[in-house]
Amino acid sequence: MNTRRIFLRNSALAMVGMGSAPLWLTRALYAKDDAAARKKVLVAIFQRGAADGLNVVVPHGEKAYYAMRPTISIPRPSTSGDKQADAAIDLDGFFGLHPSLAPLKPLFDQQHLAIVDAVGSPDPTRSHFDAQDYMESGTPGLKATDSGWMNRALPKPAGKVSPVRAVALGATLPRALRGGEPAVALQSISTFQVRDAAAAKQFEDMYATAKDPRLQATGRETFEAVAMLQNIQRQTYTPANGANYPRGRFGDSLRQIAQLIKSDVGMEMAFADIGGWDHHVNELGPRASEGQLANLLREYGQALSAFWQDMGDRMSDVTVVTMSEFGRTAHENGNRGTDHGHANCMFAMGGAVKGGKVYGKWPGLEKEQLYESRDLALTTDFRDVLGELVARHTGNTNLQGVFPGYSPKFLGLV
């Protein structure tokens, strides 16, 4: 175990608290001026369960798509009022968004949102566990990697770094953020509190007097993170510009990431996930705008749109990227669902992202064009997308260190 890694699994561990200071003083420890405080931030979102990319970004110009999905395809774009709510939202004459992603269409039109299709991991596994592990480690097919791509992507610090430099919203630190650089996992800013001051002092003293300097550093970083998060907690936060996050864990996660970014406490990496994408049965309801996938995409799209609206001009410093471990079969199964597939789609928005375009080479859905005669074929490695964002947004050009054994090929996203 890396003893410099910070784990704040839930609010119960907040008992390792320490004395607090005003938020402005905490900020001053990590930045001399506002320009220094406003760091570039990369936010990664993981859609756990393998999202059906073909029904998220709909190839409505592909005849084979409708032939293979007679009951769960998304209807072609329509200008008819009574059908429009269930039809794909046209993007470029060939691709369209699922109707539940309507909140994202203005971002695409304004060239703030880019889509990469036929993208994913080159590893052929159809195991959720292995595929997520490979994508978060950034080393497809290699189980021995002991760190995550986001941790390795953190630029080497020139001086003191913030104890909340890398944050995940959740009960445990995700694979992507594990590694040599300190990272924090927390369930919620609002429930983060000192439970027992006496116990907290004992823990602080124990770490401070430890003989192992790495253990001392872990304790010091942990207590600093606790103090900073408690200071942020005491500030009333209201989303800006009328942003309205959907209820639920994912919306709450993005709202809290926005709060941390706008607190100017030195955050550079953030991670959130949203599960429930493994739709083997009844993927859609009686209408395309109803059912499991539609409801999940509605929450997903509303949360991303609210985050954009809330951040305002701060999005110039922020890039959001989304991913899922693999896609779904091109053919629907006998239960009006889809099974584990191969290539998928990714979204990137914010910062200097060149949006308004669907990137990647479309391989087609005819039988001879499918991967193993059943799945959307992969034409873009997910590391190409992440590598370009790491290099051109965060400024870390040592991509061999981030994705060992692989040289990302840039798509022109940024």
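The values are calculated or read from the model by the stated rules, or taken from the named source; none is laboratory data. Owing to the predicted nature of the structure, the values given are computational and were not obtained by experimental measurement. FYI the Cβ positions are ideal-geometry reconstructions off the backbone, even for glycines, and counts take in every protein chain you see. These accessible areas exclude ligands, DNA and RNA; they are computed on the full protein's heavy atoms, side chains included. Shrake-Rupley method; radii C 1.70, N 1.55, O 1.52, S 1.80 Å.
For VAL414, the residues whose modelled amide H falls within less than 5 Å of its own, excluding neighbours fewer than 5 places apart on the same chain, are LYS354. Percent of C-alpha pairs per 10 Å bin in segment 270-414, short distances first: 10, 32, 36, 19, 3.
Solvent exposure of segment 66-134, expressed per residue, is 42 Å² of accessible area, with all protein chains present and a 1.4 angstrom probe. Taking amide H as placed 1.01 Å from N in the peptide plane, LYS357 has its amide H under 5 Å from the amide H of ILE115, each at least 5 places away in sequence or on another chain.
Equivalent-ellipsoid semi-axes for segment 265-338 (Cα gyration tensor, √(5λ), whole Å, largest first): 31, 15, 9.
Partner lysines whose Cα lies under 29 Å from the Cα of LYS105, excluding those fewer than 8 positions away in the same chain, are identified as LYS39, LYS40, LYS63, LYS83, LYS262, LYS354, LYS357, LYS361, LYS409. Net charge dipole, segment 299-370: roughly 220 debye, given to the nearest 20, about the Cα centre with Cβ charges of +1 for Lys and Arg and -1 for Asp and Glu. P(r) for segment 86-155, from all Cα pairs and a bin width of 5 Å, is 3, 13, 18, 14, 10, 15, 17, 8, 2, 0 %, short bins first. Amide H to amide H, with H built 1.01 Å from N, GLY96 comes under 5 Å of VAL58, HIS60, LEU91, counting only residues 5 or more places away or on other chains. Protection proxy ranking for 38-51, 151-164, using the average of other Cβ atoms within 10 Å per residue and placing the highest first: 38-51, 151-164.
Neighbours of ALA352, meaning other residues whose beta-carbon lies under 12 angstrom from its beta-carbon, give a summed charge of +1 when Lys and Arg score +1 and Asp and Glu score -1.
When you work out D = kT/(6 pi eta Rh) for segment 29-175 at 25 °C and 0.890 mPa s, using the Kirkwood radius from C-alpha pairs as Rh and the Stokes-Einstein form, the result is 130 µm²/s.
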